[in-house]
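Have a look at the structure below, then the notes.
The values are calculated or read from the model by the stated rules, or taken from the named source; none is laboratory data. Keep in mind it's a predicted model, so treat the numbers as computed, not measured. Note: ideal-geometry Cβ built from the backbone for every residue, glycine included; neighbour counts use all protein chains shown. Heads up: the accessible areas ignore ligands, DNA and RNA and are worked out on the full protein's heavy atoms, side chains in. Shrake-Rupley method; radii C 1.70, N 1.55, O 1.52, S 1.80 Å.
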Amino acid sequence: MLGRRQLREKVMQAIYAYNSQGSDSDVRIIEKNMMKGIDQIYDLYLYLLNTILIQKDIALEKIEIGKTKNFPTQEDLHPNMKFVDNKVFHILSINNELNDYVSKNKQISWDIYDSYPNNIYKSLIKSDLYVDYMKSEIHSLDEDKAFITQFFVNFIADNEGLHDWFEEQHINWVDDIHIANTMVYNTIQSFTTKSGENIRLFKVYKDEEDQKFAQDLFRLTVKHQSQNKEFIGEMAENWELDRIAAVDLIILEMAITEFKRFPSIPTKVTINEYIELAKNYSTEKSRIFVNGILDKALRKLTDSNQVNKFGRGLFEK
């Protein structure tokens, strides 16, 4: 599922899109696209799970082809079934949520003859990871999870060709792949010997409150953009607004919105989260700049009683 940090990323990207369109911006359409894009991370997550699961089907197809050769070898006739018997494949294959959703959304499933999963399989079976796993006489869920996890990390999570494919399906997916990868990793790690057909997969939002957080942060930041820009200009005494990087300005606007209009979020959390955003999406100098402006802004807002936090530990000077 998405944490608040990832939701802030999506809001930041939406506000950037809103600003880029200038006078042609329709805030309702931008918000609708943002929320739709967040929802579609779930599709990408299941697509990645299917990218793992299709490997079993490809392997079974290769086994059947080997058995029907004119002159099959002993290995063809008596293949090592350890890979196809991997318990992670079984848990995924019987999962009701995955099966139900994919049956209604065929576009996130693979065929055993599709090139991308086949290329992944070819690379896998040549690897030391696969060879060592197939030689191992251990047959446990822990070993199977460790193998599938490493397989996913090595051959799927950072597969640039696969990333290009996903971007062709949905342009935003290239920015969301790291979120979906984390969801897949955590899903595999969550499996136990008791995992059956009704085990719940991860959702995009932890709860309705997180969904509302994303909507409110976008709406309130856009609504008070002019006011926040004026305030930022006062805080950045030696900087003209047009000299501040567009992403840095959005980060500052969002943080000030949180200071003033999200009473349940501690100010320290807000500062730390937006410093991380600046570090990930801008430069080291930007991180230092954002940190300095937010410290100064918080003191100013606090002195003028514009920061109202409710609950213990929510306010930090």
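What does the net charge come to around residue 92 if you take all other residues with beta carbon closer than 13 Å to its beta carbon, with K and R at +1 and D and E at -1? Write out the running numbers ahead of the final one.
On the way: positive: 56, 87, 145; negative: 57, 97, 144, 197.
Once all neighbours under 13 Å are counted, the net charge is -1.
Using the Cα atoms of the range 125-183 to build a convex hull, what is its mean projected area in square nanometres? Please list the in-between numbers first.
Working: hull surface 18.9 nm².
Seen from a random direction, the Cα hull of the range 125-183 projects 4.7 nm² on average.
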Could you sort 78, 163 by their accessible area in this structure, using a 1.4 Å probe and putting the largest first? 78, 163
Mean Cβ neighbour count within 10 Å, used as a protection proxy, ranking 299-308, 112-121, 250-259 highest first: 250-259, 112-121, 299-308
Would you work out which of 112, 65, 3 lies farthest towards the positive end of the dipole of the chain, given +1 charges on the beta-carbon of Lys and Arg and -1 on that of Asp and Glu, about the Cα centre? 3
Given the pairs 82/145; 67/87; 104/203; 206/268, which span a C-alpha to C-alpha distance of over 20 angstrom in this model? 67/87; 206/268
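Report the rotationally averaged projected area of the range 188-293 based on its alpha-carbon convex hull, in square nanometres.
On the way: hull surface 36.4 nm².
Answer in nm², one decimal: 9.1.
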Specify the inter-centroid distance of the range 265-312 and the range 47-105, based on alpha-carbon positions, in whole Å. 50 Å
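Quick check: at a probe of 1.4 Å, how many percent of the accessible area of the range 111-232 sits on carbon and sulfur atoms? It would help to have the intermediate numbers written out before the result.
Working: 3180 of 6830 Å².
Its accessible area is 47 percent carbon and sulfur atoms.
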Mind listing P(r) for the range 72-142? All alpha-carbon pairs, 10 Å bins, whole percents. 15, 37, 36, 12, 0
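Just by accessible area at a 1.4 angstrom probe, what is the order of 24, 216, 100, 248 from largest to smallest?
24, 100, 216, 248
Which sequence of 273, 237 reflects their accessible areas, 1.4 Å probe, from the largest down? Mind dumping the intermediate values first?
On the way: 273 30, 237 140 Å².
Putting 273, 237 in descending order of accessible area: 237, 273.
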Can you list residues from other chains, or at least 5 along the same chain, whose modelled amide H is less than 5 Å from the amide H of residue 206? 2
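Roll a 1.4 angstrom probe over the protein heavy atoms and tell me the percent of accessible area of the range 1-88 that is carbon or sulfur. Before the final figure, lay out each step's value.
On the way: 2210 of 4370 Å².
Answer for the range 1-88 is 51 percent, counting heavy atoms of protein chains only.
Around residue 62, what is the net charge, scoring Lys/Arg as +1 and Asp/Glu as -1 over all other residues with Cβ under 13 Å from its Cβ?
On the way: positive: 56, 67, 69, 122; negative: 57, 61, 64, 75, 76.
In short, -1.
What does the C-alpha gyration tensor say about the overall shape of the chain? Classify as rounded when a/c is under 1.5, otherwise prolate if a/b is larger than b/c, or oblate.
Working: a/c = 2.73, a/b = 2.47, b/c = 1.10.
Prolate.
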Give the shape of the range 92-236 as rounded, prolate or oblate, defined through the alpha-carbon gyration tensor: a ≥ b ≥ c are the square roots of its eigenvalues, a/c under 1.5 means rounded, and otherwise the shape is prolate if a/b is larger than b/c and oblate if not. prolate
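Could you size up the charge dipole of the chain around its Cα centre, putting +1 on the beta carbon of Lys and Arg and -1 on that of Asp and Glu, and report it in debye to the nearest 20? Mind dumping the intermediate values first?
Working: 40 positive and 49 negative charges, 199 e Å.
That gives the chain a dipole magnitude of about 960 debye.
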From phi via Karplus (6.51, -1.76, 1.60), per-residue ³J(HN,Hα) for the range 105-121 in Hz, x at Gly/Pro: 9, 4, 5, 9, 10, 10, 9, 5, 9, 5, 5, 4, x, 5, 5, 5, 4
For the range 1-131, what is the convex hull volume of the alpha-carbon atoms per residue, in Å³? 167 Å³
